[in-house]
1. Using the per-residue mean of other Cβ atoms lying within 10 Å as a proxy for protection, in what order, highest first, do the peptides 51-57, 122-128 fall?
2. Work out, step by step, the length gained on full extension between ALA161 and VAL67: first 0.36 nm times the residue separation, then minus their alpha carbon distance; give nm to one decimal.
3. Where does the charge balance sit around SER63 when Lys and Arg score +1, Asp and Glu -1, over other residues with C-beta under 14 Å from its C-beta?
4. Given a Förster radius of 35 Å and the C-beta distance between SER169 and THR87 as r, what FRET efficiency does 1/(1 + (r/R0)^6) yield to the nearest 0.05?
5. Using a Förster distance of 41 Å, how high is the FRET efficiency between VAL125 and SER103, based on the Cβ-Cβ distance and rounded to 0.05?
6. Please list 3J(HN,Hα) in residue order for the range 72-82, calculated via the Karplus relation 6.51 cos²θ - 1.76 cosθ + 1.60 where θ = phi - 60°; whole Hz, with x for glycine and proline.
7. Summing Lys, Arg as +1 and Asp, Glu as -1, what charge do residues with Cβ under 12 Å from the Cβ of THR166 carry, THR166 excluded?
8. How much length, in nm to one decimal, is gained on full extension between VAL58 and ASP46, taken as 0.36 nm per residue of separation minus their Cα-Cα distance?
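Where a number appears in this text, it was derived from the coordinates with a stated rule and is not lab data. In this text, all values refer to a predicted model and were calculated from it rather than measured experimentally. Cβ coordinates were reconstructed from backbone atoms using ideal geometry, including for glycine residues, and neighbour counts include every protein chain displayed.
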Amino acid sequence: MKKFASTASLLVVLVAAAVVPAATAEESAAPAPPVACAGLVQQLSDTLKKVVSALTGVPPAPSATVVPLGEALGLLTALQGAKCLPTPSVGSAAAVPIAHRASEQCLSNTMNVFAAVFGTLAAVVPGAPAVADVPALLKQVGALLKNLGEALKNCGLPEPAGGLPTVPSLPV
């Protein structure tokens, strides 16, 4: 009986030594996002810099933001296609998974980014009000950039080189 207890104790220790580090290694070694993600994130950042530049130029040119905002939508879709960002699954609560580990907030942040781009685009496309409210547009772009920053963080994506563009503070 004493020999059985010693053998059983030894087996428990060996199994624990083999299983615990393996389980911990799986959690800590989160897969990296696909290589294409970094390039697409950089392109998206560069495209949004064009939007900020058009709105902060002298004079501001809201109509010049239409093309870059359209490009931003294309890049967001490309990020989803490359499995860098999740795609909402129609008809179920689950999202199409992405290729790397991300937080539960990733899908929500992604949808917020899409909503912010569409909202800004709706204010500047042909047929929108003739006089665009530049301060309001800058506020929308600021919210878009904030949502994008949260999406990058929560979806496990790298920051673009030089960081995301920023919207200068407006005089009150």
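1. Descending packing order for the listed peptides: 51-57, 122-128.
2. Gain on extension, ALA161 to VAL67, equals 31.6 nm.
3. Computed value for this residue: 0.
4. It comes to 0.50.
5. 0.80
6. 3J(HN,Hα) across the range 72-82, in whole Hz: 4, 4, x, 5, 5, 5, 5, 5, 5, x, 7.
7. Charge balance in the 12 Å sphere: +2.
8. In short, 2.3 nm is gained.
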